[in-house]
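Here's the structure, in structure tokens; my notes come after.
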Amino acid sequence: MRKLITCMSKNQLPKILQSKTPKVYKNKKLNTANFGDFTHNDYQVFLHLVSKIGGVDEEGKYLQPEALEREHVLTAKEFSEVFNTDIDNSYRFLTKAVDKLMKTDIKVARPDHSSIIRINVCSQAEYAKKSGRISIKFTDDIMPYLGQVKEKFLLYNLKEISNFNSLYTTRLYELIQEFKDTGYMIKSVDQLRESFAVGEKLKSYKDFKNRTFDHACSEINSNYKLNLGYEEIKEGRKVIAVKFVFKKTRITKRYNQHTGISKNVYEKPKLQNKDKKSKSNILDGQLSFEDKNTKPIQNIVSSLFSKITNKK
């Protein structure tokens, strides 16, 4: 039977700790969800709204879905400041995102892994033209994926993705955050296609690689000192999976003296010194795609992929 979430009134909600820098909290399952025809700008708006939810109370305790506020407001000015866009474009992005947030459902695994479900992001969305802001209300269905359960959610600063020009770059960056303490991540080609929501496009593996994760690796490395590369895992001549290798993140354990709760603090990614911004072409509403052929590391056997995926 479907588990129901009991909503608290605003007066009952605990006071949420407001971070100086907007942070994105979300369940790992939502991190790999298929967001359909979201453009890069739609996804940026969604993440900006998610960052407003917050994840901990004043004592540093993780908050659960019923304790989180569902209604949030995002202004064009806020969006412009975070994602470095001019104000006119920010108005336009917010206007389009309102329609997309209401019309699009996303495909995500149930918390118990029993099946894949389709859920709506918002139950209400409004664009106030005069004030240049949108107001949204997240659905009850998506809240369990925004609740903070220790060891099961993803966290990063919103500013970390602000300079990316491609939806695929943002999505790949999010995916590797889940594995930043190991320094590698293995995904099947089918898993990558699902996370990137390419649908029937880019049917050949070569086109898919060049226009999604190959380009994304280049863009991430142009922004951060992560040394991100990839190895192709094959069965015969067919590439069945990709192993992404990157610089491991330094982790420090810190204790809250008031609560006695410990948490891992991750070192922020180091920025590259950039003189020029790379040019991008537009295809199907997703900013990206310089056709660069980064040579993958060879000689990875498919048994490694099978061994790891079978453990999950």
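Of note:
- Residue in the stretch 170-182 that is among the hydrophobic types (A, V, I, L, M, F, W, C), touching a Phe, Trp or Tyr at 6+ places or on another chain (Cβ under 8 Å), part of a strand (DSSP E or B) and touching a residue at least 12 places away in the same chain (Cβ under 8 Å) present: no
- Residue among 36, 54, 60 that is at pLDDT below 95 and under 14 Å from residue 143 (Cβ atoms): 54
- Flag if residue 81 is surrounded by fewer than 17 Cβ atoms within 10 Å (Cβ to Cβ) and either in contact with a Lys or Arg (Cβ under 8 Å, 6 or more places away or on another chain) or modelled with pLDDT under 85 (or both): no
- Per the listing 155, 172, 167, the residue uniquely under 12 Å from the mean Cα position of the chain (by Cα) and farther than 17 Å from residue 48 by Cα is 172.
- The stretch 124-161 - residue that is out of contact with any Ser or Thr (no Cβ under 6 Å at 6 or more places or on another chain), surrounded by fewer than 18 Cβ atoms within 10 Å (Cβ to Cβ) and acidic (Asp, Glu) and, of those, modelled with the lowest pLDDT: 151
- For the stretch 194-213, a residue qualifies if it is at negative phi and buried (at least 19 other Cβ atoms within 10 Å of the Cβ), and the qualifying residues are 195, 196, 198, 208, 209, 211, 212, 213.
- Within the stretch 202-260, if we keep just the residues that are basic (Lys, Arg) and part of a helix (DSSP H, G or I), the residue that is nearest to residue 170 (Cα to Cα) turns out to be 211.
- When the stretch 238-276 is filtered for residues that are within 22 Å of residue 157 (Cβ to Cβ) and either in the same structural domain as residue 156 (by TED's automatic domain parsing) or basic (Lys, Arg) (or both), the ones remaining, listed by number, are 247, 248, 250, 253, 254, 263, 268, 270, 274.
The values are calculated or read from the model by the stated rules, or taken from the named source; none is laboratory data. These numbers were taken from a predicted model, which means no experiment stands behind them. Counting neighbours? That spans all protein chains shown, and the Cβs are built from the backbone with ideal geometry, glycine included.
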